[in-house]
Structures are given as structure tokens and as C-alpha cells.
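Asker: My questions all concern the structure below.
Every read-out reported here was derived from the displayed coordinates using simple, explicitly stated rules and does not represent laboratory data. None of the values given here were measured: they were computed from a predicted structure. With ideal geometry, Cβ positions are generated from the backbone for all residues, glycine too; neighbour counts draw on all protein chains shown.
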């Protein structure tokens with residue numbers, strides 16, 4: 001088998017079972033609905049790929065047939081954790097603008113790569129899927145940088161499980177991107193890198209998710225953090241109160257100046 005060894009398929013299956021079990025045991029299916037579906041989908045896909053792993057032609061058919069839907073579930077799972085933790089900040093105009101600027105840059109970079117270094121493939125569907133995978137990788141990396149910068153800036157201590165989910169996706173995207181780029185540029189010349197690295201990247205991501213859900217989500221802030229642990233909603237409420245205070249202060253000063 002040239003694409004992935006059976007060993008590289010069995011490990012993800014075992015990790016997926018463990019992740020699904022943890023999510024179900026902690027009753028997190030609603031909070032991480034799309035992530036749960038994403039892992040379940042990849043579990044079914046891994047079983048199918050393992051079943052046809054002895055037939056190269058059949059394996060390729062299964063691989064490409066399941067890759068397109070995987071892109072959609074990946075996007076929905078990342079979006080879910082992002083909004084779970086930072087949805088309240090979407091009310092800020094500058095926050096929305098900065099987020100979309102980062103997303104636009106990621107898409108522009110992906111388009112530039114596709115135009116300047118088009119995939120060396122003969123089938124247009126395979127080229128479209130690889131372009132989708134590359135674009136999604138850049139989007140995940142850009143969104144993850146924005147996400148963790150916002151978390152650090154606002155000192156948000158809650159939603160630790162969401163942080164772990166996004167961290168796993170970003171690690172997978174960063175590592176797998178090298179493999180996808182190798183295939184898009186060189187075709188099948190460096191099969192070990194283009195096919196082996198994405199498999200390793202996904203195992204690293206699954207280990208990150210497993211360790212993430214094994215630990216108990218903290219209910220109180222660390223002693224090393226801020227003395228008060230605020231939710232995004234509380235932070236937004238405070239920001240609005242500060243904005244109202246500033247507006248009232250400005251109105252008071254204007255009236256004073258006008259009386260003079």
C-alpha cells in the first residue's frame with residue numbers, strides 16, 4: 001500500500017473511538033455537535049479506507065470520494081469551537097473587520113499558490129479537492145492565530161476544551177499543509193512526504209484532542225492568571241458599560257464647555 005500503511009490507519013481509528021467515548025461520557029455532544037460528527041465521519045472513513053487498503057485503485061477512489069465532505073465537516077467543527085468561545089466579541093465592529101481581513105489574506109494566499117503553482121494532476125476533481133484542502137488549511141491557521149491572540153488579549157480562562165479543539169486543527173493544518181503542497185507541486189515524486197506527513201499530522205491532532213478531553217475543564221482561574229475570570233459575555237457587558245461611561249463623560253464636558 002503506497003498511500004498509508006495499515007498501521008497509520010489503525011492508530012487514528014483507536015484514537016477516534018477514545019475521543020468519541022470521552023465526548024459521550026462527558027455529555028458534550030451538544031456543545032461539540034459538529035466536532036462529534038467530524039470525528040464520527042472520519043471514523044467511518046478510516047474503516048472504509050482500511051477495508052480497501054490492499055487495493056490501490058479502490059483506495060484512491062474511496063480517498064477522493066470522501067475528501068470533499070471532510071472539508072465541510074472540518075470547517076463546521078472549527079467554526080463551532082471558535083463561536084463557542086468568542087461569539088460575544090462578534091458584536092465589535094473592529095473585531096469582525098480584523099477577522100475577515102485575516103480570512104481574506106488566507107484565501108488570497110491560497111489563490112496565489114493555485115495560480116503560480118497549480119497542482120500536477122490530470123483529473124480536475126482531484127485538483128479542486130486539493131485546492132479546497134489547501135485553502136481550508138490556510139483558513140484554519142489564520143483563524144487559529146486570530147483566536148489565540150484574542151484569548152490572550154482578553155485573558156479568557158474559560159472554554160478550555162474549545163481551545164484544545166482549535167489547537168488540534170491548527171497543528172494538523174500546519175503539518176499536513178507541507179504534504180499537500182508537496183503533492184500539488186511535485187505530483188508523485190515525493191510520495192513519502194506528500195502521503196506520510198498528513199497521516200502523521202492527523203495522529204498528532206487526534207492525540208491533542210484526546211489529551212484535551214481527558215483533562216477536566218477548569219471552573220476557576222489559575223492563581224497565575226487574573227484574579228477575576230470573566231466570560232466573553234461579561235467582558236462585552238463591561239466594554240459596553242465603559243463605552244456608555246465615556247459617552248456620558250463626553251456629553252457632560254460638552255455641556256460645560258458650551259455654558260462657558
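Asker: Quick check: Cα centre of region 128-159 to Cα centre of region 1-71, how many Å?
Answerer: When both Cα centres are located, 22 Å separates them.
Asker: Return 57, 155 ranked ascending by Cβ neighbour count within 10 Å, so the fewest neighbours appear first. Spell out each step's value before the answer.
Answerer: Numbers: 57 8, 155 13.
Going from sparsest to densest Cβ surroundings: 57, 155.
Asker: Then there is this: May I ask you to sort 52, 165 by Cβ crowding, counting other Cβ atoms within 10 Å and putting the fewest first? Write down the numbers at each step before the final one.
Answerer: On the way: 52 16, 165 26.
Ordered from fewest to most neighbouring Cβ atoms within 10 Å, 52, 165 come out as 52, 165.
Asker: Right, here's the next one. With a 10 Å Cβ neighbour count serving as the proxy for reagent exposure, in which order, fewest first, do 206, 217 appear? Don't skip to the answer; put the middle values down first.
Answerer: Values: 206 22, 217 15.
Fewest-to-most ranking of 206, 217: 217, 206.
Asker: Quick one: if the Förster radius is 51 Å, what FRET efficiency do residue 152 and residue 51 give, using the C-beta to C-beta distance and rounding to 0.05?
Answerer: On the way: r = 44 Å, r/R0 = 0.87.
Taking R0 as 51 Å, the efficiency between residue 152 and residue 51 is 0.70.
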